[in-house]
Amino acid sequence: MKPILISAAVALVVSILFTPYLIRVFSRQGFGQEIREEVQGTHAAKRGTPTMGGMAILVAMWCGYLVTHLMLGDQPTATGLLVLGLTTALGIVGFLDDFIKIRKQRNLGLNKTAKLVGQLVASVLFAILAIQFPNRNGVTPASVDLSFLRDITVISFGAVGFVIFAYIAISGWSNAVNFTDGMDGLAGGTAAMVLATYVLISFWQLRNDCFGAGPAPGCYTVRDPLDIAVVAAAGMAACVGFLWWNAAPAKIFMGDTGSLALGGLLAGLSMATRTELLMIIIGGVFVVEALSVVLQIVVFRTTRRRLFRMAPFHHHFELAGWAETTVIIRFWVLAGISCMFGVGLFYADWLALAR
């Protein structure tokens with residue numbers, strides 16, 4: 001428990017203190033957010049608000065993780081470094097996207113091809129490395145088996161199939177968080193809840209590790225569960241610290257730098273904890289947001305009519321007359337329900353096997 005608390009405390013302090021520094025620097029440099037034309041009426045006042053605040057989340061996460069290991073005198077693990085590496089790589093892709101938007105003074109940054117290539121490179125590198133580095137028990141950071149509450153051994157991708165699956169999962173989650181990042185604090189608050197859930201899951205896996213004092217029914221075959229919890233705690237606290245400045249009315253936006261990075265973090269954690277399908281439930285708000293965009297495109301191209309007033313889904317309610325803060329809080333409530341349901345399923349599975 002001590003490493004988790006240290007990681008969270010350090011990341012929280014760094015995020016709260018470093019974010020206002022970024023606000024001042026980015027404001028002086030004119031690094032302001034461009035707003036989509038479709039929401040100019042309700043969001044016009046936000047034009048020029050500093051963006052790329054996701055840098056604070058990334059810096060806080062690394063500080064929380066590294067300081068924890070320095071204070072306790074132990075070595076970082078392959079799993080922790082790989083998940084943080086994936087998060088950072090996608091953050092760099094997002095940073096390039098944000099920077100182009102700022103330089104070109106438009107709401108479009110990297111083109112679709114460039115963004116997909118960036119996600120592809122990050123995903124493939126992570127996937128290849130994640131099935132290397134077995135520990136003394138032969139467990140690698142990720143598994144080639146599909147997982148729900150633990151590995152489903154009858155559904156194995158193989159090495160090549162896992163790389164393809166990892167790309168789909170990582171690009172899907174990074175885009176889902178990116179779609180959700182359209183209102184002050186919506187993505188950050190939702191991500192903080194999901195990451196808090198993964199602190200609980202990975203800590204429970206640590207307490208019921210198959211390679212501890214003696215394997216018990218319902219134990220988990222996961223490499224480095226404690227370090228996974230440390231990473232998740234750092235991400236959760238970094239989001240909470242950033243939310244202090246990003247809550248409505250936002251002083252800074254996370255931009256694609258933060259949203260793509262957080263999506264990669266969620267995907268990496270789901271693969272490291274062997275809960276890839278469970279993440280769909282825990283991150284239900286992100287899933288709905290992404291599905292709303294897909295459905296809007298499909299319906300419009302087939303019928304030339306719009307299914308929603310606007311996609312992603314949160315803008316539909318805003319255009320229906322809901323106040324922005326009402327949409328945000330209600331979506332946070334839904335995110336909390338999704339997280340609790342996911343934890344309930346996870347614990348129920350353990351209870352069923354531990355009897």
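The values are calculated or read from the model by the stated rules, or taken from the named source; none is laboratory data. Predicted, not measured: the structure shown is a model, and the values here were computed from it. Because the Cβ atoms are built from the backbone with ideal geometry, glycine has one as well, and the counts that use them run over all protein chains shown. Just the protein is used for accessible areas: all its heavy atoms, side chains included, with ligands, DNA and RNA removed. Shrake-Rupley method; radii C 1.70, N 1.55, O 1.52, S 1.80 Å.
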Among VAL293, ILE152, ALA352, the residue whose Cα sits farthest towards the positive end of the charge dipole of the chain (+1 at Cβ of Lys and Arg, -1 at Cβ of Asp and Glu, taken about the Cα centre) is VAL293
Which of THR275, HIS314, GLY255 sits farthest toward the positive end of the charge dipole of the range 223-323, with +1 on the Cβ of Lys and Arg and -1 on the Cβ of Asp and Glu?
HIS314
For the chain, give the percent of accessible area contributed by carbon and sulfur heavy atoms, probe 1.4 Å, rounded to a whole number.
68 percent
Potential lengthening between ALA9 and ARG304 on full extension [0.36 nm per residue; Cα-Cα distance subtracted]:
101.1 nm
If every Lys and Arg gets +1 and every Asp and Glu gets -1 at its Cβ, then about the Cα centre the range 186-305 yields a dipole, in debye to the nearest 20, of 440 debye
Quick one: accessible area per residue over the chain, 1.4 Å probe, rounded to a whole number of Å²?
44 Å²
Among the lysines in the chain, how many pairs, 8 or more places apart or on different chains, have alpha carbons under 24 Å apart?
9
With the charge dipole of the range 125-256 built from beta-carbon charges (+1 for Lys and Arg, -1 for Asp and Glu) about the Cα centre, the Cα from PHE203, GLN132, ALA166 projecting farthest to the positive end belongs to PHE203
Across the Cα atoms of the chain, what radius of gyration and what greatest pairwise Cα-Cα distance (Dmax) are found, in Å?
19.8, 62
Mean separation of Cα contacts under 8 Å (at least 6 apart) over the residue count of the range 201-355, i.e. the relative contact order in percent, is 25 percent
Spin-label point model (7 Å from Cα, Cβ direction): what's the ARG103 to GLN132 distance in nm?
3.2 nm
Rounded to the nearest 10 Å², what accessible area does PHE133 show when all protein chains are kept and the probe is 1.4 Å?
100 Å²
Relative contact order [Cα under 8 Å, 6+ residues apart], the chain, whole percent:
26 percent
Taking every pair of distinct Cα atoms and averaging 1/r, then inverting, what Kirkwood hydrodynamic radius in Å comes out for the range 223-355?
17.1 Å
Which cysteines in the chain lack any other cysteine whose Cβ sits under 4.7 Å from their own Cβ?
CYS63, CYS239, CYS339
Normalised by the residues of the range 110-158, what does the relative contact order come to in percent, with Cα pairs under 8 Å and at least six apart?
20 percent
With charges set only on the Cβ (+1 for Lys and Arg, -1 for Asp and Glu), what does the dipole of the chain come to about its Cα centre, in debye to the nearest 20?
760 debye
